[in-house]
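Participant: To start, I am sharing the structure in question, which I have written as structure tokens.
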Amino acid sequence: MDALDRLAEPGIDLLRRVDTLLAAGAPEGHRVWPLLRRMQVLPGDALRSFLDLRAAPLAGAGHTVRRHVHGYDHACATLTDPLLWSGPAAAAYGQSRTMLLRHLDDGPESLVGRLEATAGYADALADWVEGSRLTVARTLAEVIGSAEAVSVVAATSITRESPHSGPSSPGTPAAAEIAARVLAVLCVAYDGAETLLRQWAPSLAESPLRTTSTRFRPGAAPGGTTTRVGW
């Protein structure tokens with residue numbers, strides 16, 4: 001359980017009240033409007049969705065992906081064993097296994113390179129989740145203890161009779177302010193995720209098999225002269 005988990009219950013309760021007040025509208029020109037248009041969700045729903053993000057599964061995925069590298073190491077070791085035969089067929093096989101070795105583990109575009117990049121991306125996402133949850137928790141703690149929160153709770157109390165509803169109703173300006181603070185920090189968090197995707201995307205692309213232009217075939221000498229194979 002982290003700081004955001006500890007604040008989840010009072011935070012969800014406060015933002016539920018905020019959503020109730022904002023359902024009737026927010027003050028005209030308030031900074032919450034562009035945030036609402038961008039997120040397309042009220043702050044209570046936005047927080048509930050964010051609470052589902054966990055760093056541990058992503059970190060675990062990174063560890064799992066890295067374990068597959070050992071399998072590729074074993075395959076590469078097998079392919080580098082010395083040949084015990086010679087001739088055109090051996091030359092063709094040698095060329096093919098060199099190509100395969102390069103595809104398996106030769107730089108960032110190889111399969112091992114892509115595995116390591118995938119694991120690195122998972123680690124980066126795990127760090128992003130952990131850092132973002134801490135930032136959201138700090139903001140949530142601030143709004144829960146704010147004067148605006150007192151106004152929102154008072155305006156949505158079941159013992160209080162509101163004479164009217166709408167953008168100018170009691171508590172609505174405070175609700176808009178809380179919503180703006182919460183949505184702003186969530187926007188920054190999601191921007192960070194999009195930045196990570198852009199940064200890692202080239203390293204996560206498909207790894208094509210890099211073939212050579214010249215190939216040997218059994219029965220063909222390296223110089224291009226066809227030889228007869230005895231049976």
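Participant: What helices does the chain hold that run 20 Å or longer along their axis, going by alpha-carbon atoms, with a Kyte-Doolittle average of 0.5 or more, using DSSP H for the helix calls? Could the numbers behind the result be given before it?
Facilitator: Values: long enough: 3-22 (27 Å, 0.24); 55-79 (38 Å, -0.06); 88-104 (24 Å, 0.00); 111-144 (49 Å, 0.46); 172-200 (42 Å, 0.71).
In the chain, the long hydrophobic H runs are 172-200.
Participant: Ok, one more. Sorted by packing (mean other beta-carbon atoms within 10 Å per residue), highest first, where do 58-71, 33-46 land? Walk me through the intermediate numbers first.
Facilitator: Working: 58-71: 14.4, 33-46: 16.6.
Order by mean packing, descending: 33-46, 58-71.
Participant: Please compute the volume of the convex hull spanned by the alpha-carbon atoms of the chain and report it per residue in Å³. Each step should come with its number before you reach the end.
Facilitator: Working: hull volume 36.5 nm³, N = 231.
Each residue corresponds to 158 Å³ of Cα convex hull volume.
Participant: Another question, then. Can you give the Rg and Dmax of segment 1-120 based on its C-alpha atoms, in angstrom?
Facilitator: Rg, Dmax (Cα atoms, Å): 27.3, 84.
Participant: With a cut-off of 8 Å between alpha carbons and a minimum separation of six or more residues, what is the relative contact order of the chain in percent?
Facilitator: Numbers: 250 pairs, mean separation 80.8, N = 231.
Value for the chain: 35 percent.
Participant: Could you rank the peptides 5-14, 78-87, 110-119 by their average count of other C-beta atoms within 10 Å per residue, with the highest value first? Please list the in-between numbers first.
Facilitator: Values: 5-14: 16.6, 78-87: 9.2, 110-119: 18.5.
Ranking the peptides 5-14, 78-87, 110-119 by packing returns 110-119, 5-14, 78-87.
Participant: Let me ask you something else. Given the rule -39500 (n - 2.57) for each run of at least 4 DSSP H residues, summed and divided by the residues of the chain, what is its mean residue ellipticity at 222 nm, to the nearest 500 deg cm²/dmol?
Facilitator: -22500 deg cm²/dmol
Bear in mind that the values in this text are calculations on the coordinates, not laboratory data. Only a predicted model underlies this, so the values are computations on that prediction, with no experimental measurement involved. With ideal geometry, Cβ positions are generated from the backbone for all residues, glycine too; neighbour counts draw on all protein chains shown.
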